[in-house]
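Down below is the structure, laid out as structure tokens.
The values are calculated or read from the model by the stated rules, or taken from the named source; none is laboratory data. Note that the coordinates shown come from a computational prediction; the quantities given were computed from them, not determined experimentally. Cβ: placed from backbone, ideal geometry, glycine included. Neighbour counts: every protein chain shown.
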Amino acid sequence: MLTSLAAGIALGLSLIVAIGAQNTYVLQQGMLRRYVLPVVAVCVASDVVLIGCGVAGLGVVVADRPTLIAVAKWGGVAVLASYGLRAAWSAARSGVLDTGSAHGAATTTTAVTTALALTWLNPHVYLDTVLLLGTAAARYGDYRWWFGAGAAVGSLVWFTALGFGAGRMSGLLRRPGTWRVLNTAIAATVLALAVRLATMPLVTF
């Protein structure tokens, strides 16, 4: 049981910690100290649902639905490209990412909606949680749910640390050019993910 739990935490963290659109958004909101709790809650809750689906065997069903995969792929490309271009525009203009106000998401609804879009419309999330974690969990047989619980714990630890830990860097926001550098990095990362996703064959999902 403990071995399965520890393995789930380790693999979950190894997949979640990778730089991506979801992580950069949580980091941004954390540095702004705005709507951190709802954004972190959305990311963790989404991972728990997706990990549960993977452990339950949904990955096998999804893999046999090429049309569904194609829709998810191009929807993800559109979301990533939109977010990346917005970050690039903000970096070139004022440095601050404009998502409804001068300093990030204007309302809780905007923050939550953006977090949901960057999570559920990104096919890489399904690849990591439903397919990879689901496949790995199957190896643990009756203990697969403990493996899934470990992966969920990893998600909780990571997003909580990233969102609330980033607040300690809020002093950097007072320095000229900080947001320009951050949003340039965000734009480069997210647009690179969009291009990679657009050129990735469906069979690799």
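So here's what we get for this one:
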quantity: Qualifying residue in region 63-78 (condition: in a helix (DSSP H, G or I), crowded, with 20+ Cβ neighbours inside 10 Å and at pLDDT 75 or above); calculated: yes
quantity: Residue check, LEU15 in contact with an Asp or Glu (Cβ under 8 Å, 6 or more places away or on another chain), within 18 Å of TRP120 (Cβ to Cβ) and part of a helix (DSSP H, G or I); calculated: yes
quantity: Residue count, region 122-155 (criterion: hydroxyl-bearing (Ser, Thr, Tyr) and free of Cβ contacts under 8 Å to residues at least 24 places away in the same chain); calculated: 0
quantity: Scope region 191-205; condition at pLDDT below 75 and either aromatic (Phe, Trp, Tyr) or surrounded by 12 or more Cβ atoms within 10 Å (Cβ to Cβ) (or both); matching residues; calculated: LEU193, LEU197, MET200, LEU202, PHE205
quantity: Residue match in region 114-137 (condition: of a type in the set (D, E, K, R), part of a helix (DSSP H, G or I) and surrounded by fewer than 22 Cβ atoms within 10 Å (Cβ to Cβ)); calculated: no
quantity: Residues that are assigned to a helix (DSSP H, G or I) and touching a residue at least 60 places away in the same chain (Cβ under 8 Å), drawn from region 103-113; calculated: THR108, ALA111, VAL112
